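The values are calculated or read from the model by the stated rules, or taken from the named source; none is laboratory data. What you see is a predicted model, and the numbers here were worked out from it, not measured in a lab. Cβ placement follows ideal geometry from the backbone for every residue including glycine, while neighbour counts extend to all protein chains displayed. Protein only, heavy atoms only, side chains kept; ligands, DNA and RNA dropped before computing areas. Shrake-Rupley method; radii C 1.70, N 1.55, O 1.52, S 1.80 Å.
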Amino acid sequence: SFEVATHLTVYLGPARASAPSDLVPVSAPEAPRADQFSPVFAATRSGRNASPTPLSRVLFERVTRKGEGLLFEDALKTFSSSESVILSRIQSGVCVPLWDRAGIRGILQVDNRLVVGAFTEQDLDLLTLVGNHIALVLANIEMYEHLAQLNRDLRDALMRIRLLDTAKDHLSRFVPEAVRRIVDKSPVRP
């Protein structure tokens, strides 16, 4: 449905410390800043120049302030104060936030550098749906990585327990039973 798009760019914010959990309430996120977001994927219709479009602070603020997508029909007129829009020669476009439970994790921007009014409200709705799907995929990847780290931590803890049990078994041959019972009652301060 985006045959009229000439450029697509995905921007992501900084990585989170841990994956969100249904068991832990999410605190109110701080307001995102445009300088925290970096382009992670860029594509063009022609495939010739895939350098990412610089993220416009004006576009970013409009999308993040309301937390909803933005359709702009005449970018050079609407965003005449945005240096990145002017330098990129964006004529029209759609920009949507990538939401998850912790807030806006990214921005998806699709634009046209040739035609004013290239996109419709239906394009905005479709791109919002695509953006929601991308945010879910990113959250699933983050949760998978978090689970993998927890699994590694658990495996390391089990290995330490096995080593301690082995050491305890070896030492039990040389330590009287009364001393072993005292150590078992207070292993932190034997």
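The rows are residues; the columns are (1) touching a strand residue (DSSP E or B) at 6+ places or on another chain (Cβ under 7 Å); (2) at pLDDT 90 or above.
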| site | (1), (2) |
| --- | --- |
| Arg113 | yes, yes |
| Ala118 | yes, yes |
| Leu126 | no, yes |
| Ala139 | yes, no |
| Glu145 | no, yes |
| Asn151 | no, yes |
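Return a yes/no flag: does the range 150-163 have any residue that is surrounded by 13 or more Cβ atoms within 10 Å (Cβ to Cβ), hydrophobic (A, V, I, L, M, F, W, C) and either over 27 Å from the mean Cα position of the chain (by Cα) or within 30 Å of Thr6 (Cβ to Cβ) (or both).
no
If Ile104 satisfies all but one of (1) at pLDDT below 90; (2) open to solvent by 30 Å² or more (accessible area, probe 1.4 Å); (3) under 17 Å from Leu55 (Cβ atoms); (4) among the hydrophobic types (A, V, I, L, M, F, W, C), what's the number of the condition it fails?
(2)
Looking at Asp74, is it among the charged types (D, E, K, R), in contact with a Ser or Thr (Cβ under 9 Å, 6 or more places away or on another chain), open to solvent by less than 10 Å² (accessible area, probe 1.4 Å) and in contact (Cβ under 8 Å) with a residue 24 or more places away in the chain?
Spelling it out, it is not the case that Asp74 is among the charged types (D, E, K, R), in contact with a Ser or Thr (Cβ under 9 Å, 6 or more places away or on another chain), open to solvent by less than 10 Å² (accessible area, probe 1.4 Å) and in contact (Cβ under 8 Å) with a residue 24 or more places away in the chain.
Could you please find all residues in the range 34-64 being touching a helix residue (DSSP H, G or I) at 6+ places or on another chain (Cβ under 9 Å), at pLDDT below 85 and not acidic (Asp, Glu)?
Ala34, Thr53, Pro54
Show the residue pairs meeting these rules: Cβ distance below 7 Å; 6+ apart or different chains; first residue within the range 127-149 and free of Cβ contacts under 8 Å to residues at least 40 places away in the same chain; second residue open to solvent by 90 Å² or more (accessible area, probe 1.4 Å).
Matching pairs, first to second residue: Asn132/Trp99; Ala135/Trp99.
Being touching a residue at least 24 places away in the same chain (Cβ under 8 Å) and surrounded by fewer than 13 Cβ atoms within 10 Å (Cβ to Cβ): is that true of Gln122 here?
Criteria met by Gln122.
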